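As structure tokens, the structure follows; a few thoughts come after it.
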Amino acid sequence: MFPALRNAVRLRPLIRHIPKDQLQPLRLQDPYWTRCFSTPPCETPGLRSLQQRRHVHDHRGARHRDVARQAEQPGNVAGPQTRTEAVYERVEDRFHHSAPFKVLILGGSYAGLAAALNLVDLCHGRRHRFSITDGDNGTGKVIPVQVTIVDPRDGWFHLIGQPLALSSKESAESFWCKYSDTPALQTSDICTVQGTIDSLDCTSKRATIATSTGPVQESYDYLITCTGLSREFPSAPRSVTRETYLAESAQNLANVRDAPKGVAIIGGGAVGIEIAAECKMLHPHTNVTLIHSRNSLLSSEPLPAEFSAKALEIIRSSGINTVMGARVNSTTKTDTEYTLTLSTGETLTASHVINAVSRFTPTAPTYLPQGICDDEGYIRIKPTLEFPSDASLPAEIAADHYAAGDVARWSGIKRGGAAMHQGHYAARNIHQKMMAQVYGTTPEFMALEEVQAGMGIALGETALSYFPSMGLGEGKETKKVFFEDDLGFMICYRWMQLGKPMPPPVEAPASEESTPVNVASTPTPVEAAA
């Protein structure tokens, strides 16, 4: 649910609601991390590997070419050597020609993009984009890395903003950013693949990805799963491409505008409330009715009664009709209108109906072993975001697998800021392991703290928030802090720095301290599966 994704999408609110201890590194003394690492990248099996399908960035023309479609190999692309390639060539000489670490990220939303972008920053040896540490200039040590992001959509969609996009053409066009058009992703270190994870073998570190042209296998050294929850419309778009999404949202907008008998929204959870509020704000002459089966809004959220009561007060004061304590038993459609029959025996008519009753399921059980997930389907994680070990997944294998975002079981309400925070921590911890393997450093891991339930919700011209550390907040200033005027789109866009091209790796001079160690030039079968 959208407000469930929302707290801390802005830097200052983010910092304010994270305990200070959570921002400090956790040093683990487990002998596993202090021994010599030796897990070189696995080779991708088969001819139809993702390596053959990578989009190779042409730095001169700032464009992409589909290598598979042109029957080319990445290494055969003509053109001058880029600064990134030159730095990597020098680093690889010191690596004894070791291949880059392969990191597979499942899901390209808030957690997935935060993990990918921060990890590449760290591997480039510079200050990473989520750093809030004064004087942090990065390690200055470069580690070759290849990040592959797998996502069903062809771009990042600002899911938080879906209620606004349903009523605004301009917002719909802005909120879907194709990966191929996003400046931060135009680097040879990041490959995006449109598809879904079909199966995953954690032991051999091989994934089977379903794409429009058939299954593809990809191996990896580290995995971060950020596949989130499976949400139905209107909580999330039905479409997987920007073009079909814009057509979908345009149809909904036309239905809202051409609604002489009004719009009925079923469901008084966070999604339904915001859809109703945005619809009324942008189309004030449209009659909007919100129907909820309980006597209080947000009844499924672990929040104080005063929060839901205040939300109902604001909704009603904005001119939205509310029907509380009544369930919709049936909906009958004619050529021009809908008739809704309620559990109270009443009937309502509307020109357009949006069913916003929350329906979502975790995606992890479809591709992960049963023991990895809890009874509800969320991935059990350690505070360091690693998979827990069990009889089917030894500790040395589990330690290379991470989960972040809505798919992970952690305290607090699911929200976009928390997802980005978790993706950031997963990237930090994986980088620490890479540094230990390549440069012999002692890893220091970031650990999540337990999170208390809190929420920010946009209600048209105003907003409402509740966090235990702040209490109840309301008003235009609250909306500005948490959402600005676009339901947090630019807050997230700026925080992830999606509009800035990825800089090349640093050119730090080699020294005794930066000389790589413990790097095997030829992977053994045991090492490749470890």
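Read the figures in this text as sums done on the coordinates, not as results from a lab. These numbers were taken from a predicted model, which means no experiment stands behind them. All Cβ positions, even for glycine, are placed from backbone atoms using ideal geometry, and neighbour counts span all protein chains on display.
Return the Cα extents of region 289-419 along principal axes one, two and three, sorted largest first, each rounded to a whole Å.
Answer, in whole Å and largest first: 60, 36, 22 Å.
Testing the spin-label approximation: label points 7 Å from Cα along Cα→Cβ at residue 327 and residue 476. State their distance in nm.
Computed distance between label sites residue 327 and residue 476 equals 4.2 nm.
Please compute the modelled spin-label separation between residue 395 and residue 343, points set 7 Å along Cα→Cβ, answer in nm with one decimal.
5.0 nm
May I ask for the net charge around residue 156, where only other residues with Cβ less than 12 Å from the Cβ of residue 156 are counted and Lys, Arg are +1 while Asp, Glu are -1?
0
What does the highest-first list of 368-379, 290-301, 225-236 look like by mean Cβ count within 10 Å?
225-236, 290-301, 368-379
Between region 300-329 and region 461-485, how many Å separate their Cα centres?
17 Å
Please compute the length gained on full extension between residue 335 and residue 370, using 0.36 nm multiplied by the number of residues separating them and subtracting their Cα-Cα distance.
Contour length minus Cα-Cα distance gives 7.9 nm.
Subtract the Cα-Cα distance of residue 241 and residue 494 from 0.36 nm times their separation in residues, and report this length gain in nm to one decimal.
This chain segment gains 88.8 nm when fully extended.
Return the subset of 310/480; 102/382; 382/433; 280/476; 178/205 for which the Cα-Cα distance in this structure is over 24 Å, preserving the input order.
178/205, as the Cα separations exceed 24 Å there.
Treat every Asp and Glu Cβ in region 233-358 as -1 and every Lys and Arg Cβ as +1, leave all other atoms uncharged, and give the resulting dipole magnitude about the Cα centre to the nearest 20 debye.
80 debye
Sorted by average packing, counted as other Cβ atoms within 10 angstrom per residue and highest first, what order do 131-139, 317-325, 357-365 take?
For the peptides 131-139, 317-325, 357-365, the packing ranking is 357-365, 317-325, 131-139.
Setting aside same-chain residues fewer than 8 positions from residue 333, which lysines have a Cα under 18 Å from its Cα?
Residue 333 reaches 261.
Report, for region 233-358, the % of DSSP beta bridges that are antiparallel, rounded to 5.
Of the beta bridges lying entirely in region 233-358, close to 45 percent run antiparallel.
Residue by residue through region 489-502, which ³J(HN,Hα) values in whole Hz follow from phi under the Karplus form 6.51 cos²θ - 1.76 cosθ + 1.60 (θ = phi - 60°), with glycine and proline marked x?
4, 5, 4, 5, 4, 6, 5, 7, 6, 5, x, 9, x, 5
So, counting K/R as plus one and D/E as minus one, what does the shell of residues with Cβ under 9 Å around residue 179 add up to?
Summing Lys/Arg as +1 and Asp/Glu as -1 gives -1.
Can you tell me the order of 204-212, 491-499 when each peptide is scored by its average per-residue count of other Cβ atoms within 10 angstrom, highest first?
Highest to lowest by the protection proxy: 491-499, 204-212.
Would you order 478, 336 from fewest to most other beta-carbon atoms within 10 Å of each residue's own beta-carbon?
Neighbour counts put them in this order, fewest first: 336, 478.
Hey, fewest Cβ within 10 Å first, where do 396, 278 land in order?
The order, fewest Cβ neighbours first, is 396, 278.
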